[in-house]
1. For n ≥ 4 DSSP H runs only, could you compute -39500 (n - 2.57) per run for the chain, divide by its residues and tell me the 222 nm figure to the nearest 500?
2. For the range 27-70, which trypsin sites (Lys or Arg not before Pro) are both in a DSSP coil and crowded by at most 15 other Cβ atoms within 10 Å?
3. So for MET17, MET1, what's the accessible-area order with a 1.4 Å probe, most first?
4. Throw me the Rg/Rh for the chain, computed over C-alpha atoms with Kirkwood Rh, two decimals.
5. Taking the 0 to 90 degree range and rounding to the nearest ten, how far is the long axis of helix 57-66 tilted relative to the main principal axis of the chain, both from C-alpha atoms?
6. Where nothing but the Cβ of Lys and Arg (+1) and of Asp and Glu (-1) is charged, how large is the charge dipole of the chain around its Cα centre, in debye to the nearest 20?
7. Not counting ligands, DNA or RNA, and with a 1.4 Å probe, what is TRP56's accessible surface area in Å² rounded to the nearest 10?
8. Compute the length gained on full extension between GLU16 and GLU41: take 0.36 nm times their separation in residues and subtract their Cα-Cα distance, giving the result in nm to one decimal.
Amino acid sequence: MYQSTTVIGHLGRDPEMRFTPDGTPVTSFSIATTRRWTNAEGQNQEKTTWFRVTAWRKLAETCNQFLTKGQLVLVEGDVEA
């Protein structure tokens, strides 16, 4: 089952592009989102969640060409639940 989602965060490293045996480009990269808050005791808290993203075909080529580590990105797509 898939669920549609939007993720805004920073790239953890440069994208990695590879090709399937039939020559289809595939690019993978990770995005970190960090949530910060103050707990009931007044202490600052922080939690980082990592998302693994896979792009296919023309989008894979575009991601590989323009995205770099540390860049802020917005990704919309389906998450496998």
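The values are calculated or read from the model by the stated rules, or taken from the named source; none is laboratory data. Worth saying up front: this structure is predicted, and the values here are computed from it rather than measured. For neighbour counting, all protein chains shown are included, and Cβ atoms are generated from backbone atoms with ideal geometry for every residue, glycine included. Side chains included, ligands, DNA and RNA excluded: accessible areas come from the protein's heavy atoms. Shrake-Rupley method; radii C 1.70, N 1.55, O 1.52, S 1.80 Å.
1. My calculation for the chain gives -3500 deg cm²/dmol from helical runs alone.
2. Qualifying residues, ordered by number: LYS69.
3. Sorted descending by solvent-accessible area, the residues read MET1, MET17.
4. That ratio equals 1.10.
5. Helix 57-66 sits at roughly 60 degrees to that axis.
6. My answer is approximately 160 debye.
7. For TRP56, solvent-accessible area is about 120 Å².
8. 4.8 nm
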